[in-house]
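The values are calculated or read from the model by the stated rules, or taken from the named source; none is laboratory data. Because the structure is predicted, anything quoted here is derived from the model rather than measured. Positions of Cβ are backbone-derived with ideal geometry, glycine not excepted, and every protein chain shown enters the neighbour counts. Areas reflect the complete protein model, heavy atoms only, side chains present, ligands, DNA and RNA absent. Shrake-Rupley method; radii C 1.70, N 1.55, O 1.52, S 1.80 Å.
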Amino acid sequence: MMFDALQTQDIVWIGLGLLGQALFSARFLVQWIASERRRRSHIPVAFWYLSIAGGLTLLTYAIYRADPVFILGQSTGVFIYARNLYLIRAGRAESAPAGT
């Protein structure tokens, strides 16, 4: 069997990588449901939080695997997801009534 030669540490790391992939994939399900409810394309804030959670988890896994391509891709993505959350918060702060 494929996992017979793996040590417990390897299995834990594979589990972490799978968790990161599940978080990362869940964001598309969240976006799809939100868009269906609104009957138009919509990206909820949860999409960006799942992107960061999945991206950081996958980045951790990529660093463990010492895969420079994977590391570069995930680190760039995490920066973009964090920037989107910052812009969302900044936009909300600008549109909030004065004194709140």
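Label separation (LEU19 vs SER75): 2.3 nm, computed from points 7 Å beyond Cα along the C-beta direction. Each of the peptides 32-38, 60-66 was scored by the mean count of other Cβ atoms within 10 Å over its residues; in descending order, highest first, they stand as 60-66, 32-38. Tilt of helix 68-95 relative to the longest C-alpha principal axis of the chain, in degrees (0 to 90, nearest 10)? Once rounded, one gets 20 degrees. With N the number of residues in the chain, Rg(Cα) / (2.2 N^0.38 Å) evaluates to 1.38. Carbon and sulfur: what percent of the chain's accessible surface (1.4 Å probe)? Exposed carbon and sulfur together represent 65 percent of the surface.
Positive end of the dipole of the chain (Cβ unit charges, origin at the Cα centre): among VAL45, ALA93, ILE33, the Cα lying farthest that way belongs to ALA93.
Given points 7 Å out from each Cα along the Cα-Cβ axis, report the ARG40 to ASP10 separation in nanometres with one decimal. Roughly 5.2 nm, to one decimal.
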